[in-house]
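The block underneath contains the structure these notes are about, expressed in structure tokens.
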Amino acid sequence: MALTTQRVDVPVIVDESKCLEKCVACIEVCPLDVLVKNPDTGKAYMKYDECWFCLPCEKECPTNAITVQIPFLLR
Amino acid sequence: MQTPNMDPEVAQWVEMLQSPELNERLVAIKSLQHLGDEDAIEPLIAALNDESPTVQTLAVTTLWELANPVAIPPLIECLSSPHAEVRDEALSALKELVSTQDLMKLLDVLQQEDAHAQLNVLVLLRKIHDAQALPFILPFFQSERPELREAAVTTLRYLNQVVRCEPALALAEDPVESVRRSTALTLGHLSDQEVVPLLCRLLTADPDWQVRRNAAQSLELLADPAAIDSLVAAMADPEWQVRKFTARALQQTADERAIPALIKALSDEYSDVRRDAATALGNLGQPSTLSALQQTLDDPDMDVRIYSERAIVNIQASQSETSNA
Amino acid sequence: MNTQYLKTDFLVVGGGTAGTMAAIKAKQASPESDVLILEKANIRRSGAIAMGMDGVNTAVIPGNSTPEQYAREITIANDGILNQKAVYETGRLGFEVIQELESWGVKFQKDHEGNYDLKQVHRVGKYVLPMPEGKDLKKILSRQVKRHKVNVTNRVMATRVMVQDGRVTGAVGLDVRSGDFVVIQANAVVLCTGACGRLGLPASGYLYGTYENPTNAGDGYSMAYHAGAELTNIECFQINPLIKDYNGPACAYVASPFGAYTANAEGHRFINCDYWSGQMMLEVWKELNSGKGPVHLKMYHLDDDTISEIESILWDNERPSRGRFHQERGENYRTHGVEMNISEIGLCSGHSASGVWVNEKAETTVSGLYAAGDMASVPHNYMIGAFVYGRIAGQNAMEHIQSLDHVEPDAEFLAAEQARIYQPLQQPEGVPHTQMEYKLRRLVNDYLQPPKSPNKMDIGLMKFVAYEQTLEKMGAKDPHELMRCMEVHFIRDCAEMAARASLYRKESRWGLYHYRLDYPEKNNEEWFCHVNIKKNKAGQMELFKRPVEPYVVNVDLEEEVYDVAVR
């Protein structure tokens, strides 16, 4: 089956300049397990667009690197 | 810092918490927070003095989550931190953690000249409800800072067994509105002789409508018939929330003198006033008010219809009781 | 993929409200026993109260109300169909739960004298207790789980319960990060997996824009069904009045003591009783369709200070993203009402009554299998009910397992389940789970959203049955996607049960929850009973009537039931 790479507006935005390579706080608290580390950079990003906009990732980040927006379809 | 029995996973982060690199310490403290292991309490308490306020705040959060009473005295120290985020987090933590046992320590802080810490402690005393705090609160009624006067008079109503407090009465004339608002609410919990006349004056004459509203709320609590003339007058207040809470106070002190004002309130612009006036009329039980109440049965607001119907049933019930007697 | 074999005495599936309490109570009852919580997320932030809770809906506090009054209130709110003994237990044990939670550091709202500050929302009694500082409830529960030395395995999702010779012997699942196949032997299992919150599709079209935590996909409903347990009241859907698009509650309970209320477009109240019930939802639905809609939470008549106070409570707790939602839309409570709508359907006994059949001991109809929380049918049970039934399940399970030994898993069963779980990985280019789920849930909206039409439900049922084969086309590229694929299976099972149960009960009941266009009246003569579902020996979905157990508290239903006419 053919696949496309469709862009989506993702709710969780990570400021890579602030994200700490050794820290996994946001990844551990996400109930939907949608955040992972980019193996090349060690920075977190939203891999799966499955967000409940519940905010623990943002609140638990020790460097305020994360911003959660309400998903575009709801905004 | 490490204890011999410490879990190696915990020990690794405790060690990292000593790193000169801020980023390392941030990762370490986050990891300790998530592990939630009480063996880390001592190094966490030490981290309250980390040079970075972010690390300090995270240490407060982590100690809060561990909820071990050992951490309470050092957290109380944080109430005087120069950093607002550390103070705020410590206050949130202590709201959950403090108990009567911490009273003396809190009262000590109250006597230090640090306005931030004093304000925070006044808030925390509301969680303890202990009347022993009263003599320590009184001096704040004369504080130069309005926020301390307000906090102190608010805390007063949380102290158990305090029913008289003459020094608080003067705050009803405070130049600052926020202080008078809190005072008006606190007076509802006091029984000094001057309280009801004072509340009546606030209800009818204070320039701030929230003070007037709060006075009505306190008069509802006190349910003193002596307030009736002021309550009737306040039914004509230009602010609807004052009229609403006055109608509620009139539910507690049924007096026929209120009937004209209450009937007028049945056509108030605000549905809450109409509803609460209907209930007050129901409590009065006068058949002469039935026709006015019946006109509100097609009020556009469902609550008014429901409470009006109950009021009518009330009046009819008291009528049949009288006729059976 | 590796296989992990684990053994425990008591397995708790789901580490939310009910699950953490079940595990703690089991350890208190039997400290030397091994208790394991299996959680597909992380127990620090999981389940319905992942972000905290702003209040308790069913607090029976001595001096304010009694368990008898509470049982009566819920009997009326649920149109008489309930196991009253089970509801009574929530009233009886709720206060002990509240006291224990307080001893753990949970704060409930108190008045100036330190008494509980209860609010009246129900028809008669006061049961609503605000908890303005309730945002860290899960952290407090996690701390107690740790202190009680409960084992926790995060990020493993159970997919099936193991039943051998009529008794529970464990569960199997999937490690959603490593992809490992996990087999857990246990002598008793409690399912606490929450609601089926991903049944209907939210009007926004966003799959995870649900009222319930979207991790709660009906896992336990499906697992209990396949284990052979009975389910009940599935046709009594969960529908909530929510902020339009945001799908969070408008929180009239929190805002109403400050003077806010739900109003129609003309600004007038139209609801008879604010307590969430099917009757109340019918009133909202009728107003929405009356020309006086849309409805909104009205605060613009209040002053700035009061609104600021409401905001600080609403935006900090339960749904902290609410403020952001309003800001991004340029909405302000001071000038405009918050537009509300009724939600898509779900299954949840915490709010309504749909769930796995349990008695007052939290036992399902399968030996050694317990259920608690939103997925166990104790009507209107909410958070306190979840704690109470977690506690009951934990205590009873420890008694039950005393003379039991572990049983070797059935190799054939394991092989079949392994093949089922990993099938989507064999075809990574198959239909993505997102599309598979979107279509399934759109069909739920098309055919099951009340008012219920028999012909539409017939079509829906046919499509849900056929969807079982459609699911075989699903593909997954990694363990995370595999988790979502398995959730779509759970959702499909729930959709089929919802259609069958709704078709079976040929009357209307519970207001909007089961409003049938062809049978608009309530018919107590034929339908004053439960409708139960189970998997029969042939592997088919079987439906049957189960009589309502005699009441322990007398209620005159003819006199007292709150009835909103459907026309």
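Taken across both chains, chains A and C shield about 3100 Å² of accessible surface from a 1.4 Å probe. Label zone of C:CYS529 (point 7 Å out along Cα→Cβ, amide N under 19 Å): in region C:202-237 this covers C:230-236.
Work out the FRET efficiency for B:SER191 and C:THR434 from their Cβ-Cβ distance, taking R0 = 45 Å, and round it to the nearest 0.05. Result of the calculation: an efficiency of 0.10. Express in Å², to the nearest 10, the accessible area of A:CYS26 obtained by rolling a 1.4 Å probe over the protein heavy atoms while all chains stay in place. Result for A:CYS26: roughly 10 Å² accessible. The angle between the Cα long axis of helix C:479-504 and the longest principal axis of the Cα atoms of chain C comes to about 60 degrees, rounded to the nearest 10. A crude spin-label estimate for the pair C:ASP458 and C:THR335, with each label 7 Å from Cα along the Cβ direction, gives 5.3 nm. Positive end of the dipole of the protein assembly as shown (Cβ unit charges, origin at the Cα centre): among B:ASN314, B:GLN142, C:MET483, the Cα lying farthest that way belongs to C:MET483. Relative to the current alpha-carbon distance between C:SER103 and C:ASN151, full extension at 0.36 nm per residue lengthens the span by 15.0 nm. Counting only protein heavy atoms and a probe of 1.4 Å, the accessible surface of region B:260-325 is 48% carbon and sulfur. Rounded, prolate or oblate, given the Cα gyration tensor of region C:86-133, with a/c below 1.5 counting as rounded? The shape class here is oblate.
With the helix formula -39500 (n - 2.57) applied to DSSP H stretches of n ≥ 4, chain B reaches a computed 222 nm mean residue ellipticity of -19500 deg cm²/dmol.
Inter-chain Cβ neighbour count for B:26-32, averaged per residue, equals 5 (cutoff 10 Å, partner chain atoms only). Solvent-accessible area per residue in region B:254-325 equals 51 Å², computed with a 1.4 angstrom probe and all protein chains kept. Rounded to the nearest 10 square angstrom, C:HIS296 shows an accessible area of 20 square angstrom against a 1.4 Å probe.
Taking a ≥ b ≥ c as the square roots of the eigenvalues of the Cα gyration tensor, an a/c ratio below 1.5 marks chain C as rounded. For B:GLU239 and C:ASN2, a Förster radius of 45 Å and the Cβ-Cβ distance give a FRET efficiency of 0.05, rounded to the nearest 0.05. Here the dipole of region C:495-549 is about 260 debye; that uses its Cα centre as origin and unit charges on the Cβ of Lys and Arg (positive) and Asp and Glu (negative).
With the simple spin-label model, which puts each label point 7 Å out from Cα in the Cβ direction, the B:VAL163 to C:SER178 separation comes to 6.7 nm. The orientation-averaged projected area of the convex hull spanned by the Cα atoms of region B:92-219 comes to 7.5 nm². Which of B:ASN68, A:PRO56, C:LEU11 sits farthest toward the positive end of the charge dipole of the protein assembly as shown, with +1 on the Cβ of Lys and Arg and -1 on the Cβ of Asp and Glu? Checking the options against the dipole of the protein assembly as shown, the answer is C:LEU11. Compute the Cα gyration tensor for region B:1-68, then decide on rounded, prolate or oblate, letting a ≥ b ≥ c be the square roots of its eigenvalues: rounded whenever a/c is under 1.5, prolate when a/b is larger than b/c in the other cases, and oblate in all that remain. Oblate, since a/c reaches 1.5 and b/c is not below a/b. Using Cβ point charges alone (K and R +1, D and E -1), the dipole size of region B:1-68 about the Cα centre works out to roughly 180 debye. For region B:117-158, list residues with backbone N below 14 Å from a point placed 7 Å from the Cα of C:SER308 toward its Cβ? Hits in region B:117-158 for C:SER308 at 14 Å: B:147.
Rolling a 1.4 Å probe across the protein heavy atoms gives region C:191-280 an accessible surface of 15 Å² per residue. Converting the Cα gyration tensor eigenvalues of region C:267-350 into ellipsoid dimensions via √(5λ) gives semi-axes, longest first, of 24, 17, 13 Å. Give the distance, in whole Å, between the Cα centre of region C:199-225 and the Cα centre of region C:65-139. Region C:199-225 and region C:65-139 have Cα centres separated by 26 Å. Given their separation in residues at 0.36 nm each and the Cα-Cα distance between them, B:LEU134 and B:GLN18 gain 37.4 nm when the chain is fully extended.
Take C:276-286, B:256-266 and order them by the average number of nearby Cβ atoms within 10 Å per residue, most first; the result is C:276-286, B:256-266. What residues does region B:249-274 have that are buried by at least 10 Å² of accessible area in the full protein assembly compared to the chain on its own, 1.4 angstrom probe? Buried by the other chains: B:TYR270, B:SER271, B:ASP272. Measuring nothing but protein heavy atoms, the accessible surface of region A:19-74 at 1.4 Å probe radius is 56 percent carbon and sulfur. Note on the protein assembly as shown: Rg/Rh from C-alpha atoms, Kirkwood Rh, equals 0.97. In chain C, helices alone account for a calculated mean residue ellipticity at 222 nm of -11000 deg cm²/dmol, with every DSSP H run of four or more residues adding -39,500 (n - 2.57). Between B:GLN101 and B:ASP229, full extension at 0.36 nm per residue minus the direct alpha carbon distance yields a gain of 41.4 nm. On the beta carbon distance between C:LYS477 and C:ALA411, with R0 = 45 Å, the FRET formula returns roughly 0.95. Of the cross-linked pairs C:LYS477/C:LYS535; B:LYS264/C:LYS298; B:LYS105/C:LYS107; C:LYS40/C:LYS452; A:LYS47/C:LYS439, those separated by over 28 Å at the C-alpha level are C:LYS477/C:LYS535; C:LYS40/C:LYS452.
A loss of 10 Å² or more of accessible area (1.4 Å probe, protein heavy atoms, ligands and nucleic acids excluded) relative to the isolated chain is seen in these residues of region B:281-321: B:PRO300, B:ASP301, B:MET302, B:ASP303, B:ILE306.
Accessible surface for region B:1-68, divided over its residues, is 43 Å² per residue with a 1.4 Å probe.
Rolling a 1.4 Å probe over the protein heavy atoms of region C:16-72, with every protein chain left in place, gives an accessible area that is 48 percent carbon and sulfur.
How tilted is helix C:454-470 with respect to the longest principal axis of chain C? Cα atoms for both, answer in degrees (0 to 90, nearest 10). That works out to roughly 40 degrees. In this simple spin-label model, placing a label point 7 Å from the Cα along the Cα-to-Cβ direction at both C:GLU558 and C:PHE258 gives a separation of 4.6 nm.
Summing +1 for each Lys or Arg and -1 for each Asp or Glu, what net charge is found among the other residues whose Cβ lies under 15 Å from the Cβ of C:CYS529? Net local charge, C:CYS529 excluded: -1. Which links in C:LYS149/C:LYS534; C:LYS138/C:LYS534; C:LYS244/C:LYS522; C:LYS361/C:LYS534 stretch past 26 Å when you go from one Cα to the other? From C:LYS149/C:LYS534; C:LYS138/C:LYS534; C:LYS244/C:LYS522; C:LYS361/C:LYS534, over 26 Å: C:LYS149/C:LYS534; C:LYS138/C:LYS534; C:LYS244/C:LYS522.
The values are calculated or read from the model by the stated rules, or taken from the named source; none is laboratory data. Note that the structure is predicted; figures quoted are calculated from it, not measured. Cβ: placed from backbone, ideal geometry, glycine included. Neighbour counts: every protein chain shown. Calculation scope for accessible area: heavy atoms of the full protein, side chains included, ligands and nucleic acids excluded. Shrake-Rupley method; radii C 1.70, N 1.55, O 1.52, S 1.80 Å.
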